[in-house]
Each structure stands twice: as C-alpha cells, then as structure tokens.
1. Would you pick out the residues in the stretch 69-80 that are surrounded by fewer than 21 Cβ atoms within 10 Å (Cβ to Cβ) and touching a residue at least 24 places away in the same chain (Cβ under 8 Å)?
2. Being out of contact with any strand residue (DSSP E or B) (no Cβ under 8 Å at 6 or more places or on another chain), of a type outside the set (Ser, Thr, Tyr) and under 27 Å from Glu284 (Cα atoms) is true for just one of Pro347, Pro337, Pro386, Pro375. Which residue is that?
3. With the requirement that a residue be of a type outside the set (Val, Ile, Thr), surrounded by fewer than 14 Cβ atoms within 10 Å (Cβ to Cβ) and in contact with an Asp or Glu (Cβ under 9 Å, 6 or more places away or on another chain), what does the stretch 36-67 give you?
4. Filter the stretch 44-79 down to the residues that are more than 18 Å from Leu200 (Cβ to Cβ) and in a loop (DSSP other than H, G, I, E, B) and list them by number.
5. Kindly provide the set of residues from the stretch 104-124 that are in contact with a Leu (Cβ under 7 Å, 6 or more places away or on another chain) and crowded, with 24+ Cβ neighbours inside 10 Å, ordered by number.
6. Consider Ser296 carefully, then state whether it is touching a Phe, Trp or Tyr at 6+ places or on another chain (Cβ under 7 Å) and among the polar types (S, T, N, Q).
7. Against the conditions (1) small (Gly, Ala, Ser); (2) in contact with a Cys (Cβ under 9 Å, 6 or more places away or on another chain); (3) more than 30 Å from Ile173 (Cβ to Cβ), where does Gly270 fall short? Just the number, please.
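Laboratory data are not the source of any read-out in this text; all were calculated from the coordinates shown. None of the values given here were measured: they were computed from a predicted structure. Positions of Cβ are generated from backbone atoms using ideal geometry, with glycine treated the same way; all protein chains shown enter the neighbour counts.
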Amino acid sequence: MAFIQLDVERAGEFAPKEKATDMVTNRTENYIDGEWVPASGADVSKVVNPATLDVLAEIRLSSLDDVNRAVAAARRAFPSFSRTSLSDRSALLSRILEIYNRRRGDFADALTAEMGAPTTLAHGAQSYLGAAHLSETIEALGRMELEEQRGTTAIVREPAGVAALITPWNWPINQIFTKLASALAAGCTVVLKPSQITPLDALLTAEILEEAGVPKGVFNLVHGKGTEIGRALASHPDVDVVSFTGSTRAGRDISKAAADTIKIVHLELGGKSANILLDDADFEDAVKRGVDVCFSNAGQSCSVATRMLVPRERLEEAAELAKKVAENYVVGDPTSPDTTMGPISNPSQWETVQTLIKAGIDEGATLVTGGPGKPEGLDKGYFAKPTIFSDVDNKMTIAQEEIFGPVLSIIGYDTEEEAIEIANDSIYGLAGAVQSQDIERARRVAARIHAGHVYINNQTDSYAASPFGGFKQSGNGYEHGEWGIHGFQVIKSILGAY
C-alpha cells in the first residue's frame, strides 16, 4: 500500500508554506448527488486518536440503501460527465489542486489526529502526495490522445463508467487522490468508500470537491465497513470499475464479490519487499536509509522494504549499524516536531505487530533491538518499539508475512544469485530495492527482481510520475499518471472510420 520511500529525513522538503487553519472539519455525513446527507445505517464508528485514545468524531455508517443512492447518482451523472473534454477535466482537477493546496494544512492535521502520523511526516510526504498526484494527472492529461488512427480504424479510449474507490487507512491522501484524480481524468463518475479508521481526510476531500464545483453525482462519498459497504460496491451491478487498496486477504474478497458482474478490478495489495545490499554498496549509508524507509510511517506501508539482504560475512556489521539507527528514533507524541515515529494506527494492527514480533523470537531470529510491548513511558496509545531482527531465515514467519509495523528483518546471503532467489521467494511482488555503487550491476539485479517497481539506491523523486502496481499476490493494475487514467478507460475499435 502506497508510498515506499519518502523517509523521515526528507519529509520537511515537502512541507507547505502556509500554516494550517484551526478547524479541520465538522462534517460526519455521506456526500451523495451533490448534497451532505446523513447515513442511514444502524452502527456508529468512533474515530479514535491512536496516540491519546481520544474520540475525534462519531461517524454513522452507511446502509445498502445509501450505497444504492450513491451508485444511482453516479450513474445518472455519467452520460454528461463522460462527454466532457480533456481540457474541461484538466481545468476541474486544477481547481481541486488549488483548493487542496490552500487547505493542505487541514489535511495534515487530520492525518496526525486520526492515524498518528508525526507532524513532520503529515505536513511533509503524507499531505504532499495529494498535490503530487493531482499535478501528475493534470500533466498526463496534457499528453493524452483519446483517438488513434490505424489504417482505416479509429482506436478510441472511453471512460469505463461508474468507479468504486475503496481506500485504506495508512496513506489516506495518497490513495484517495491517486484513484480519484485518475478516475475523474478518465471521465468516470465515482463513489468513494474510505477506511472507517481514517474518514476525516475523505470528508475534507468531499469539501474541496464541492468547493471546486464538481457536478452533482460525479463524486459521492459513503462511510462503512469494508466487509459490508466495500463488498456491496464491488458486487453492485451498476459499478463498472473497482479500485481497491488494502490487504491481500481483502483483495481476494473484493475479486470474488466483483466476479458475478464481470467488472474491471484493480488491486493494490500487500508486500514483503526485499532490499538487496550488494557487496560494493556504501554500507553505512545503505543500512541507515534502509532502516529509515522501513520505519517511515511506523512501518505501515505495503511497499517498504522490510527484508534487508546483506552479504553473510557482513551480517554483524549490518545489525550494529541498524541498531544504532533504530535506537535514535524518537517515538511518542505525533504533534511534537521532535517525534520521528508515531503510534500504530489502530489496536487490531498493534496486536498483529506484537504477535509477529513474538513469532520472530520464538522461531529463533536474533533480536537486535526493540521487541514486544510498548516503548518505556508510553503506556497510553498504540505505540510499538522500533524492532530489528538479524540472522533471519527467509522461511521464518517474519520474513514471509507482511507485518505492517516498524520491524526489519536482516537476512544473510552468500552469492548475488542467492540474494535474487531470496528476494523473489515470496508470495508478494510489490516492490524491491538494490544498493550498489555500480549502477549497471544494480540495474542487472533490479531486472531480475520479480516486482512491480524497484528502487536503486533509494532514488524516489519520480515516485508519483512512475507506474505503481505489483506482481503475484500484491495485486494487478497500475496507478499514477497516464497509467492510472488508462485503468479507468476502455478501448473501442471503430472500423472503417477513416
């Protein structure tokens, strides 16, 4: 799930210039057909600050009737919106971007409050990505042609229809805006269902789209559980495209729910990415950056490299370097500018992280630093210790299962060939990384890693401008730029058109 490498050190580079406003949002309703309307479900979800355990808001969850109303509104709006020009859609996205930049501080404050992102990360990389995806999509629209001539045939790209966007809690703005910008650019109308853990950023999104003048029914927002409302959207006969980011388990459920209506399904799922440090790498720099990437966002990113592969004779060196970096992390109050790691975003995920740390110990990995439980002095909140394991065998649970927390596994290898084999020995194929001072050697190794995107020496500046997707059980389909727009389009051949 989402952003791999804008690490803690670089977060400030992307911070907005304007101060955040005091008010984030008072909204808690659905947004359907251009109006704010109360959800009609029976259940209420509490939005809890994971650092303080304070209740931030109560959101009434949607019923199936709400889903039907939202999808019907999107269906009514589709014929008109699908015929808008590329320039009209670009102008709409530009208005959204302008308002987003003005309110970016509100989004950052919401990220810190509802998911515990440290303020430097929230005002930096987390909120930066909303603007980045909007900007890249606008640029992609400027390069796009909707019709191509092949002989006497016209090959035409058309909007696919009504799109359901189902987004997670770990990088809420990244996931919302990469999907939403692409769908609108393609000419689709949408229904967004955000995670019930982090709905505040989705509510802010609805506010800025309303202010930008998005036509009635083009954008709709419903709240609810993935197992109920997400599944209802995936199986809905009037939804044409489902774009989902989340766990591999949930992705399987989405695929099954969508199967009966044979709709387009894009999945961005889990990962267990490997970071190969070749023997000629600048070891001190590579290990530090590798730990920082793994621990960014408290490890709650699906594409971060949580397996560090090092030459076996340098295992002890790598472990000592990693320990030094990990123990310099400041875990605590995410509103403090000194904090470099906030809490795990919810109690269920905290328990998962604890269970897997214990599994690493039980299966014989060497605990270098960290371990089970909360850091000293942080009894309140869902905080976890920055944890490093060494002497990890790739068959161990911590090397095969996605932990989604601040846990790094260091694995030794004897040859370059073995390193590649270990990197590919996973059900996942979302990302990978190679560290080497020989760029040609790094490229050869990167070409053999079976993953959707591979980083060489942690270079990430073009992240939002590159196709993002995974192999194997990490999903299918691509996001970002023109690749994301194409995911919400269908192709028609008109023979004899010329």
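1. Once the filter is applied, which keeps residues that are surrounded by fewer than 21 Cβ atoms within 10 Å (Cβ to Cβ) and touching a residue at least 24 places away in the same chain (Cβ under 8 Å), the stretch 69-80 yields Arg69, Ala72, Arg75, Arg76, Ser80.
2. Pro337
3. Pro38, Lys46, listed by residue number.
4. Ser63
5. Scanning the stretch 104-124 gives Phe107, Ala110, Ala113, Glu114, Ala117, Ala122.
6. It is false that Ser296 is touching a Phe, Trp or Tyr at 6+ places or on another chain (Cβ under 7 Å) and among the polar types (S, T, N, Q).
7. (3)
Here is a yes/no grid of residues against (1) more than 27 Å from Phe244 (Cβ to Cβ); (2) surrounded by 24 or more Cβ atoms within 10 Å (Cβ to Cβ); (3) in contact with a Gly (Cβ under 6 Å, 6 or more places away or on another chain):
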residue: Lys272; (1), (2), (3): no, yes, no
residue: Lys288; (1), (2), (3): yes, no, no
residue: Val293; (1), (2), (3): no, yes, no
residue: Cys302; (1), (2), (3): no, yes, yes
residue: Arg307; (1), (2), (3): no, yes, no
residue: Thr335; (1), (2), (3): yes, no, no
